[in-house]
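K.L.:
Below is the structure I would like to discuss, written out as structure tokens.
Here, each number is a calculation from the coordinates, and none is a lab measurement. This one's a predicted model, so the numbers in the text were calculated from it and none came from an experiment. So basically every Cβ, Gly included, is an ideal-geometry build from the backbone, and we count neighbours across all protein chains shown.
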């Protein structure tokens, strides 16, 4: 999806219709999901002390 979204939006625009704003917004939010740069929690096991970063959105 990330590699082809710009092409999809451009082709929809060239057809003169484009996509509704809410569709573009939802695609953008979808692509942000799971990206640590957009927020994360650090989880650590009490007994083993292993740490894991969990993306939040």
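K.L.:
Criterion first (loosely packed, with under 10 Cβ neighbours inside 10 Å, in contact with a strand residue (DSSP E or B) (Cβ under 7 Å, 6 or more places away or on another chain) and outside any helix (DSSP H, G or I)) does residue 17 satisfy it?
P.N.:
So residue 17 does not fit the description; no.
K.L.:
Scan segment 31-55 for residues that are surrounded by 11 or more Cβ atoms within 10 Å (Cβ to Cβ) and in contact with a helix residue (DSSP H, G or I) (Cβ under 8 Å, 6 or more places away or on another chain) and report the count.
P.N.:
4
K.L.:
Hey, among 6, 28, which residue is part of a helix (DSSP H, G or I) and either touching a residue at least 40 places away in the same chain (Cβ under 8 Å) or surrounded by 10 or more Cβ atoms within 10 Å (Cβ to Cβ) (or both)?
P.N.:
It is 28.
K.L.:
Here is a further query. Inside segment 31-40, can you point out the residues that are within 12 Å of the chain's Cα centre (by Cα) and not in a loop (DSSP other than H, G, I, E, B)?
P.N.:
Selection gives 31, 32, 36, 37, 38.
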